[in-house]
Amino acid sequence: MKSIIDTGPLVAFFDESDFYCKEIRNFLKTYEGQLVSNLSVITEVSYLISDNKKAQLNFIEWIKDGAVEILNQSNEFFLPIHLLMKKYQDRQMDFTDASLVSLYETFQIKNIITLDSDFLFYKTSKGKPINILNSKMLKKKK
């Protein structure tokens, strides 16, 4: 089973001061599928943990070692990403969220791991909700 992983859980996994660190680490220890993501998420995580160079280096090494499969999104992905960002302007959907919803649909990946409660509102082009594997964590948000 493949699941998309968003920025928040990755930051929490590598930042011991993060509110969700322990919970995400426990969750990922028991997760038995393949994690997938994209370069937008990798860029965000790298930026958000850049104050801790050791954590940033560990994160990049973890990616290098295959912990997360990076899926490419070329030019043809920008039409659905743009449409999603327009559709969810009221939620201020950013590029990364739109790119993950696009991955979810295009690659027919059935799950996402996120700490972003906006994913509770996002829908596929067929109006189906996004399946959030760790949805119980979203209710505990700070």
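The values are calculated or read from the model by the stated rules, or taken from the named source; none is laboratory data. These numbers come from a predicted model, not from an experiment. Every residue, glycine among them, receives a Cβ derived from its backbone with ideal geometry; neighbour counts consider all protein chains shown.
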Review point. Just wondering, is there one or more residues in segment 118-132 that are closer than 24 Å to ARG25 by Cα, in contact (Cβ under 8 Å) with a residue 40 or more places away in the chain and surrounded by 12 or more Cβ atoms within 10 Å (Cβ to Cβ)?
Key: yes
Check your understanding: For segment 119-130, how many residues are polar (S, T, N, Q) and either in contact with a Ser or Thr (Cβ under 9 Å, 6 or more places away or on another chain) or not in a loop (DSSP other than H, G, I, E, B) (or both)?
Key -> 0
Revision key, fill the gap. If we ask which residues in segment 72-109 are more than 12 Å from the chain's Cα centre (by Cα) and closer than 15 Å to LEU35 by Cα, their number turns out to be 4
Exercise for review: Return the residue satisfying two criteria in turn: it lies in segment 70-90 and is surrounded by 13 or more Cβ atoms within 10 Å (Cβ to Cβ) and not hydrophobic (A, V, I, L, M, F, W, C), and of such residues it is nearest to LEU28 (Cα to Cα).
Suggested key: GLN73
**Study point:** strands (runs of 3 or more DSSP E) contained entirely in segment 1-118, each with at least 1 residues that are at pLDDT 95 or above, aliphatic (A, V, I, L, M) and in contact with a helix residue (DSSP H, G or I) (Cβ under 6 Å, 6 or more places away or on another chain)
**Key:** 2-5
Review point. Is it the case that LEU39 is free of Cβ contacts under 8 Å to residues at least 40 places away in the same chain and under 12 Å from the mean Cα position of the chain (by Cα)?
Key: yes
